Amino acid sequence: MHRGRPTFGASVERPICVTCGVQREEIADVCAICADERQYVGWGGQSWTTLTEMRAAGYHNRIEEIDPDLWGIGTEPRFAIAQRTLLVKTDHGNLLWDPMSYLDEETVAHVRKLGGVQAISASHPHFYGILVEWSHTFDDAPIHLPSVDRGWVQRTDGEYRFYDDEVIPLPGLTLIRCGGHFEGSAIVHWALGAGGRGALLSGDTIQVVMDRRAVSFMRSYPNLIPLDPATIRDIEERLAAYDYDRIYGGWWGRNISEGAAEAVAASADRYIRYAGGEG
Ligand SMILES: [Zn+2]
Ligand SMILES: [Zn+2]
């Protein structure tokens with residue numbers, strides 16, 4: 001992995017930030033995502049890598065069925081923020097959510113067997129990973145992102161489709177911009193998830209916490225910057241029209257398997273109670 005400003009020789013490969021895993025157009029002194037108060041620059045200084053380097057270093061992806069029609073894809077050994085990507089299968093195509101930073105021929109072959117990728121989105125900029133590489137690999141699948149976070153896009157050569165508050169990338173799936181962690185922080189509502197009771201794919205927008213009975217909402221998770229109560233009520237409001245019983249968070253196993261809507265309501269109430277000095 002490179003420190004500072006490496007030369008990539010004749011390669012036009014795009015650099016990937018080692019700390020957040022987001023790929024950008026070209027090398028920079030510092031990754032814009034990591035320089036923001038919600039993230040951090042690696043303690044040893046800004047560091048970049050490339051897919052070629054990662055392949056040479058022996059990274060690979062673990063691909064596993066989590067539930068019917070839902071697959072997880074996670075990079076091993078752990079890389080950057082280490083989110084576990086989700087692939088939702090529908091009768092109308094597959095959505096790739098929160099695409100992490102590593103892709104190789106084995107992964108592409110496996111995902112093709114699952115039906116490929118027809119739409120791509122991410123919960124927020126920390127999880128943009130190499131979404132453009134995924135899109136180019138799978139027939140330029142459209143990348144749906146909220147327009148308010150357009151300024152966080154680090155690679156311009158993607159098939160972006162910017163949306164305002166909601167969009168249906170594939171029938172049965174709705175991307176809902178909730179705000180909070182980022183202005184465009186979003187979730188997926190999957191109507192047929194959890195055996196038809198409905199499920200959310202939530203990333204950091206609504207983070208499933210370690211006891212897996214509750215969630216939290218933060219401006220920054222690594223730097224522990226909270227949100228204000230009004231914003232948390234806004235997030236709840238955005239979800240009010242949707243039924244769901246399960247939440248799939250951003251990492252392997254970080255899920256609430258049932259009673260998720262009640263868990264979100266109770267977690268929001270608890271958060272606001274403590275934030276308001278009534279804890
Ligand atoms: Zn970064
Ligand atoms: Zn985040």
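The values are calculated or read from the model by the stated rules, or taken from the named source; none is laboratory data. Here the structure is a predicted model, which is why all the values come from computation and not from measurement. Neighbour counts run over all protein chains shown; Cβ positions are idealised from the backbone, glycine included. We work out accessible area using only protein heavy atoms, side chains counted, and drop any ligands, DNA or RNA first. Shrake-Rupley method; radii C 1.70, N 1.55, O 1.52, S 1.80 Å.
Ranked highest first by average number of other Cβ atoms within 10 Å, how do 180-190, 23-33 line up?
Highest to lowest by the protection proxy: 180-190, 23-33.
For the chain, with a Gaussian network of springs between Cα atoms less than 10 Å apart, report the residue from 230, 122, 260 with the top mean-square fluctuation.
Greatest mean-square fluctuation among the candidates belongs to 230.
Only bridges with both residues in the chain count here: give the DSSP antiparallel percent, nearest 5.
Beta bridges within the chain, antiparallel portion: roughly 75 percent.
Which one of 35, 100, 191 is farthest out on the positive end of the charge dipole of the chain, using unit charges on Cβ (Lys, Arg +1; Asp, Glu -1) and the Cα centre as origin?
35
Between the stretch 165-184 and the stretch 194-261, how far is it from one alpha carbon centroid to the other, in angstrom?
14
I need two numbers for the chain: Rg to one decimal and Dmax as a whole number, Cα atoms only, in Å.
Final numbers for Rg and Dmax: 18.1, 60 Å.
If you filter the stretch 181-266 for trypsin sites (Lys or Arg not before Pro), then keep DSSP loop positions with at most 16 other Cβ within 10 Å, what is left?
Qualifying residues, ordered by number: 197, 212, 213.
Around residue 173, under 12 Å between beta carbons, what's the net of Lys plus Arg minus Asp minus Glu among the other residues?
Local charge sum for residue 173: -2.
222 nm [θ] for the chain, helices only, -39500 (n - 2.57) per DSSP H run of 4+, per residue, to 500?
-5500 deg cm²/dmol
Shape verdict for the stretch 68-171, please, from the Cα gyration tensor: rounded (a/c under 1.5), prolate (a/b greater than b/c) or oblate.
Oblate.
So if I restrict to the alpha-carbon atoms in the stretch 150-278, what is the Rg, and what is Dmax, the biggest pairwise distance, in Å?
Just the Cα atoms of the stretch 150-278 yield Rg and Dmax of 14.7, 49 Å.
Carbon and sulfur: what percent of the stretch 31-180's accessible surface (1.4 Å probe)?
Ligands and nucleic acids excluded, carbon and sulfur give 47 percent.
Springs between alpha-carbon pairs under 10 angstrom, Gaussian network model over the chain: which of 236, 65, 133 fluctuates most?
Among 236, 65, 133, the largest mean-square fluctuation in the Gaussian network model of the chain belongs to 65.
Just want the answer: with Cβ charges of +1 for Lys and Arg and -1 for Asp and Glu, which residue in 175, 120, 79 is farthest toward the dipole's positive end in the chain?
Working it through, the farthest residue towards the positive pole turns out to be 79.
By per-residue mean of other Cβ atoms within 10 Å, what is the highest-first order of 150-160, 268-278?
For the peptides 150-160, 268-278, the packing ranking is 150-160, 268-278.
Tell me, what is the per residue accessible area of the stretch 37-110 in Å², probe radius 1.4 Å?
Here the per-residue accessible area is 43 Å².
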